[in-house]
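K.L.:
Take a look at the following structure, please.
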Amino acid sequence: MRKHKIVDGDTLRALAERYLGSPDRWLEIYEANRELLPSPELLPIGVELKIPPWPRLAPPSSHPSPKRAVVPIPDGVAGEG
């Protein structure tokens, strides 16, 4: 699990954007550190926060995706009309 030491100016929204890719995920950081944070608006300087992991992508399927056939368009057919 990643960690972040709070510095002056940090906000949960900014940390969520930096570490989780979206400011809307700030609540995940707050929930992971509820015992350290008196409120979501008050981030004590010097406190080390736990940063939750990014959601893992689904593993690749064991079944290959179907391939699309490439069919050439004869001259004079495409774009006329």
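K.L.:
Using the Karplus curve 6.51 cos²θ - 1.76 cosθ + 1.60 with θ = phi - 60°, work out ³J(HN,Hα) for each residue of the range 39-46 in order, rounded to whole Hz, and write x for Gly and Pro.
P.N.:
These are the phi-based 3J(HN,Hα) values: 7, x, 8, 10, 10, x, 4, x Hz.
K.L.:
Still on this structure: Long-range amide H contacts for L49: which residues qualify at under 5 Å (H placed 1.01 Å from N, peptide plane, sequence gap of 5 or more or a different chain)?
P.N.:
Amide H neighbours of L49: H4, K5, I6.
K.L.:
Assuming 0.36 nm per residue, please report the length gained on full extension of the stretch R34 to M1 beyond their Cα-Cα distance. Intermediate values should be presented prior to the final figure.
P.N.:
Values: separation 33, 0.36 × 33 = 11.88 nm, distance 1.60 nm.
That works out to 10.3 nm of additional length.
K.L.:
Let me ask something else. Name the shape class, rounded, prolate or oblate, that the alpha-carbon gyration tensor gives for the range 2-51, where a ≥ b ≥ c are the square roots of its eigenvalues, rounded holds for a/c under 1.5, and otherwise prolate holds if a/b is larger than b/c and oblate otherwise.
P.N.:
rounded
K.L.:
Separate question: Return the sequence-ordered ³J(HN,Hα) values of the range 17-24 in whole Hz as given by the Karplus equation 6.51 cos²θ - 1.76 cosθ + 1.60 applied to θ = phi - 60°, using x for Gly and Pro.
P.N.:
5, 5, 9, 10, x, 7, x, 5
Here, each number is a calculation from the coordinates, and none is a lab measurement. Every value quoted in this text rests on a predicted model; they were computed, and no experiment measured them.
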